Each structure stands twice: as structure tokens, then as C-alpha cells.
1. If you go through segment 211-235 one residue at a time, how many are surrounded by fewer than 21 Cβ atoms within 10 Å (Cβ to Cβ), in contact (Cβ under 8 Å) with a residue 24 or more places away in the chain and farther than 23 Å from residue 415 by Cα?
2. If you scan segment 289-305, which residues turn out to be surrounded by fewer than 22 Cβ atoms within 10 Å (Cβ to Cβ) and in a strand (DSSP E or B)?
3. Looking at 415, 437, can you tell me which residue is out of contact with any strand residue (DSSP E or B) (no Cβ under 9 Å at 6 or more places or on another chain), crowded, with 20+ Cβ neighbours inside 10 Å and within 25 Å of residue 258 (Cβ to Cβ)?
4. Just to check your reading of the model, which residue among 183, 138, 133, 238 is crowded, with 22+ Cβ neighbours inside 10 Å and farther than 14 Å from residue 70 by Cβ?
5. Show me the helices (runs of 4 or more DSSP H) found entirely inside segment 355-472 where at least 2 residues are at pLDDT 90 or above and under 22 Å from the mean Cα position of the chain (by Cα).
6. Condition check: surrounded by fewer than 19 Cβ atoms within 10 Å (Cβ to Cβ), touching a helix residue (DSSP H, G or I) at 6+ places or on another chain (Cβ under 9 Å) and under 24 Å from residue 404 (Cα atoms). Does residue 313 satisfy that?
7. Any residue at all in segment 123-132 that is in contact (Cβ under 8 Å) with a residue 40 or more places away in the chain, more than 23 Å from residue 349 (Cα to Cα) and over 21 Å from the mean Cα position of the chain (by Cα)?
8. Kindly indicate whether residue 324 is assigned to a loop (DSSP other than H, G, I, E, B), over 19 Å from residue 390 (Cβ atoms) and touching a residue at least 12 places away in the same chain (Cβ under 8 Å).
């Protein structure tokens, strides 16, 4: 099971997740005019059912494979104090069986049909997927439709699985100094918003979670009118629709009671925290409050922030790589990130480790100098051309994967954005100007909206053996 909690990436927060092998392609594209790409929505079909279920099918006939995903609009931002981590815990329990397919049958059936499957939980959604040869879609629909409303949730299995979740939290957060720092940073950055809740949940809430809590959460959110099915691959849309109608249309909808809005209180000054934990190296993470594409009053701000992030940390030619890592050698590593696609407010963030002989304050000062430069000097046309070439390269790369195509569609739908905006992405990014970048830097990268968390390394306990997880699904 995949936990999508920390938005930072150790490869650098490129605005589209650009992989290093694509740098050569990006460099080539930077020397020519940006080509016109076919629309991502081409060969994509949307269907709706009377019970509120939405089905989106995208044809991709390059290989005889498919990916089938079921997305539920529920994640940690739907949770509240006392039940944090419940969406992720329920994800674990979704593999514990129904009357028709008892515990263990799901894994066995997928394997017997040559497929693979997994699940993921994030702040905004929970998803389940299977990857199969193209003739096996009905297997996916049989399994997913059955557990949409037919999960058994045996208490003894819950008691065992919640211990696995607690162990997962211990290993991935409490025993990981950087992850622990991020969690504390996020809780400091957001005070009243549910964005402060970690996806894995707080340990005390996990310790006190009950099977009744889980059952109530399942009944409330796992319903066809709170779900989107996305199928991408070598499929016939009408055949997919017929199968979906057969297996999902008979499922009754339920009344979805949306959580009350928990708007973040206005931040009126810089916030700083120190996290003391056993670690080898110092580390920091900082972030400025910023709107997502969904919450921005001016949608162009979100695209400009994405390009700004890539100017600072968009590969080996970016400012941070050239100036802070190779140039002044202040940073051992540093990344920048902006989560444009989010259901609520988000952060424009930095994180990194200072180089040997340098301090976190040195590194933060260097970052601040780069921010000040963005506010006073326009980004050059050469830099913008490089970023826009990377956008096209990444878009081309993403379309090579049926899973990436499906995940983009599902995530957009689940946070409340029409999936068709993917048609506009390249155009919107390439329309960003140097003045747009300067404008959003001045508007959002201001100290009163900044939160900083610093990891203060404590001595490592070399006598304590590092534990390995018993069984974590991935």
C-alpha cells in the first residue's frame, strides 16, 4: 500500500516530475519551437450512472494492457481529531475480504490472471488499482464492485492490521528524522485546517481506533456516488461501459455528508520550530502559504508558481543546482516543491541539507537571496525556454505510461477539477511570462506566510538495531 504523504522529492521538485533521462530531450526541444501535441483527452470517454458513479475510459492501443482504478473522494483532509489515519487504515482493511471473496482471495485471483494490484491513500483521495492484460478487465470489476459495499471488516483482522499500520508509522515517520521533521513542520504550518493531519495518522489515534470507527467511515464514503472509475489501455470504451454497468450500476448510492469547511486561520508572522531527533545530518524544510489551482482566485497564479519552482529547481541547469550546490557549495542537496493539484490551500516549499562546514542558517540565507533576486530581476528568456521545453518533454514521457495517464485523470477528478484541464496544461505553462513569475514571487513568498522547521541532529543510538517491517503492502 502506498502512502502519499510527503510532497517533497529527493530528485528535486520539478513541476511535472521530470525524470533525469529526459534532460537530453528537453535540451533538444529547447532549441526548436514548442510542438503542438495531440490533446490528452483525445480518445477519452466519460460515462455517468444513475447511482452517481462516474466512469472515464481512455483508449491507448499501443500495447495489449490496461490499468483499472477506483478512486474514492476521501483522504486525511476529510478526517478530524481522534480519527486521524482512518482513511489509510481502511485502505489496509479493504484487502481483508468479502463473503464472495474471503481474505486472501483478492491477491490469489489477481495473480492467477497475470495481474498486479495495489492501493494508495493521500490527503485528498484513496485509490485502488489493477494492471492486467487487456482481456482481464472483468476480473477487476468483479473484485472492486464486490468490495465497494460488501467489505466484512472482521474485528480480529482489524486488530492485527492496525498494528501493522502503527508499525508503518513507527518505521516511516518516527524512526525517519526527515519524515518526522516534515510531519512537525506541516502541523506547525497549518493550525485550524485538516491539512495538518498526517495521512498515516497520529499514533494515539491509531492506538484508540475501533472497528466501529472504521465501519462508520466505510459506510460514509465508500459509495458509487463518491467514486470514479478510470480505465486506460487497449480497450473498447463501449465494452468497458457495459461491464461497468453490469457490476457497478446495481450498487445503491448513499447520502454523502461532506465535512464542514475548516479554513486555515490567517498567518500573521513567521513560524519556526526545532525538531530534535537522532540523525546524522542537519536538515530543514520551509514553506510559504500558497493557493492550489482549485483555490486560486487567479488561476494563472498556480501555473506561474509551478514555473517558478522549476526555475529554482528544474534539473542540473536550475538556479539552485548551479549556484547553491555546484557554485557556492552551500547545499549538499536542496529541492523546491509546489503541489498545484490539491483540494485546498497548499505550500510553496523548500527542503535540504547544508554542505559540510555550512549551517542551516547559511543555506536559508542563500535561498532568501535567490527569492529576493526573483522579486527584483526578471527571469531570462533562455531560462523560460528551458522550462517550457521540460514541460513538453515531461508531457511526452507521461503519455508512455497507461498508469500515469489514469492517475492524472483520477487525481484531478477526485479533488474537484475537471480532468479535461489536462488539455490546457502545456498551453498554460508556456504562456507564463517573466513578469508573471516576478508577480507571484512578490505576492506569495513573503515572510509573514512562512513556516520553518529545523532538524537538530541528536546522537544516534548505535546499540539499537534497525527494525524491518513485518508486511507492508507495496
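The values are calculated or read from the model by the stated rules, or taken from the named source; none is laboratory data. Keep in mind that this is a model prediction, so the values were computed, not measured. Glycine gets a Cβ as well: all are built from the backbone with ideal geometry, and neighbour counts include every protein chain shown.
1. Summing the residues that are surrounded by fewer than 21 Cβ atoms within 10 Å (Cβ to Cβ), in contact (Cβ under 8 Å) with a residue 24 or more places away in the chain and farther than 23 Å from residue 415 by Cα in segment 211-235 gives 4.
2. 289
3. It is 415.
4. 183
5. 402-415, 425-430
6. no
7. Looking for residues that are in contact (Cβ under 8 Å) with a residue 40 or more places away in the chain, more than 23 Å from residue 349 (Cα to Cα) and over 21 Å from the mean Cα position of the chain (by Cα), one finds at least one in segment 123-132, hence yes.
8. It is false that residue 324 is assigned to a loop (DSSP other than H, G, I, E, B), over 19 Å from residue 390 (Cβ atoms) and touching a residue at least 12 places away in the same chain (Cβ under 8 Å).
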